[in-house]
Amino acid sequence: MFVIGERINGMFTDVKKAIQAEDPAPIQELAKRQIAAGANALDINVGPATTDKVGAMKWLVEVAREAVDVPLCIDTPNAQVMRVGLEAAGGNAIINSTTGEEERMAEVLPLAAEFNCPVIGLTIDAEGVPRDANGRMEIALRLAAACMEQGIAMTDLYIDPVILPVNAMQAVPEEVLKSLGMCKALSDPPPQTILGLSNVSQGTLYRELINRTYLVMAVANSLDAAIMDPFDDDLMEAMITTEVLLNRNVYCDDFIKAYRR
Ligand code: THG
């Protein structure tokens, strides 16, 4: 599993405050601690912290890059903010994201080719998020076709079938699980799959339990990557254990310790 730490997001109060005060210390500490906790990359999202999205994205990426040398997942719906983030990331980035809408793909996919980096494609179109797995796959197919036209390898496309809070839309988690498996039949080699895990539990009472249970199911259904909270030890350990039980990592008696090393 490729773990993308979710914590550098202006939706969190500590990050919002740091952006507003232009104080690099809390951001750099979050960057280092997430990597130490087992994240392989970091999501970078300005969120609602400021109206100067371009300036804030450039600052966040520069500050994070000084602290750690891992791929930075530039999380913005705005193509101009995306370009600035990719430039600041200096070639080690992931584009988060395009939707399946023609106009969005036309402005974002060329950036993936230009900066030679992976791109996340959300199964969203002009009508929003489809209700079931088949609707998600129609958009996933459009994303895959558009990438092929641009010369983007399927292994550089991460399909995100968009998980939503279970308390508002109880049928969604199961449809998303089905989509993950269907993505792997889409082409040979298939695209990769990704989720923003914490969405599933937003507004619920047992957040950590829901995140953890869902991650186990998603990994068992071909999930390759997740934007998630690496500070949640139980979550990380459930992920590691799932990979051992699925024979994706070698079993040894203290496999948790071995993985963390
Ligand atoms: N897909 C892709 N990118 C994404 C998402 C996705 N990026 C953003 C998001 N979804 C994933 N990241 C988060 C980060 C935080 C939370 C959920 C998803 C979260 N935050 C708390 C909340 O809203 O309750 C904030 C609590 C606090 O203020 O401390 O849950 O799906 N490609």
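The values are calculated or read from the model by the stated rules, or taken from the named source; none is laboratory data. A quick note: this is a predicted structure, and the numbers were derived from the prediction, not measured. So basically every Cβ, Gly included, is an ideal-geometry build from the backbone, and we count neighbours across all protein chains shown.
Looking only at residues in region 193-212 that are free of Cβ contacts under 8 Å to residues at least 24 places away in the same chain and part of a helix (DSSP H, G or I), the one that is surrounded by the fewest Cβ atoms within 10 Å (Cβ to Cβ) is 209. When the residues of region 192-233 are filtered to those that are within 10 Å of the ligand (Cβ to nearest atom) and charged (D, E, K, R), the one that is farthest from the chain's Cα centre (by Cα) is 207. What's the number of the only condition in (1) under 30 Å from residue 256 (Cα atoms); (2) within 12 Å of the ligand (Cβ to nearest atom); (3) surrounded by fewer than 17 Cβ atoms within 10 Å (Cβ to Cβ) that residue 48 fails to meet? Failing condition for residue 48: (1). Quick check, is residue 7 assigned to a helix (DSSP H, G or I) and either among the hydrophobic types (A, V, I, L, M, F, W, C) or at pLDDT 95 or above (or both)? Judged against the criteria, residue 7 is not a match.
Any idea which residue in region 1-40 is surrounded by the most Cβ atoms within 10 Å (Cβ to Cβ), counting only those that are within 14 Å of the ligand (Cβ to nearest atom) and of a type in the set (S, T, N, Q)? Top of the filtered list is 34. Among residues of region 214-261 being farther than 26 Å from residue 179 by Cβ and of a type in the set (Phe, Trp, Tyr), the one that is surrounded by the fewest Cβ atoms within 10 Å (Cβ to Cβ) is 251.
Here 173, 165, 189 are screened, and the one residue that is farther than 19 Å from residue 4 by Cα, in contact with a Phe, Trp or Tyr (Cβ under 7 Å, 6 or more places away or on another chain) and not hydroxyl-bearing (Ser, Thr, Tyr) is 173.
Among the candidates 212, 136, 207, 142, the residue that is under 15 Å from residue 97 (Cβ atoms) and in contact with a helix residue (DSSP H, G or I) (Cβ under 7 Å, 6 or more places away or on another chain) is uniquely 136.
For beta carbons closer than 9 Å, sequence separation of 6+ or different chains, a first residue in region 139-160 that is basic (Lys, Arg) and a second that is buried (at least 20 other Cβ atoms within 10 Å of the Cβ), the qualifying pairs are 142/100; 142/105; 142/121. Of the residues making up region 13-52, those that are in a loop (DSSP other than H, G, I, E, B) and either among the aliphatic types (A, V, I, L, M) or in contact with a helix residue (DSSP H, G or I) (Cβ under 8 Å, 6 or more places away or on another chain) (or both) number 7.
Look at region 35-62: where a residue is among the basic types (Lys, Arg) and a partner is not in a helix (DSSP H, G or I), sitting 6+ places away or on another chain with Cβ atoms under 7 Å, you get 53/46; 53/76; 53/78.
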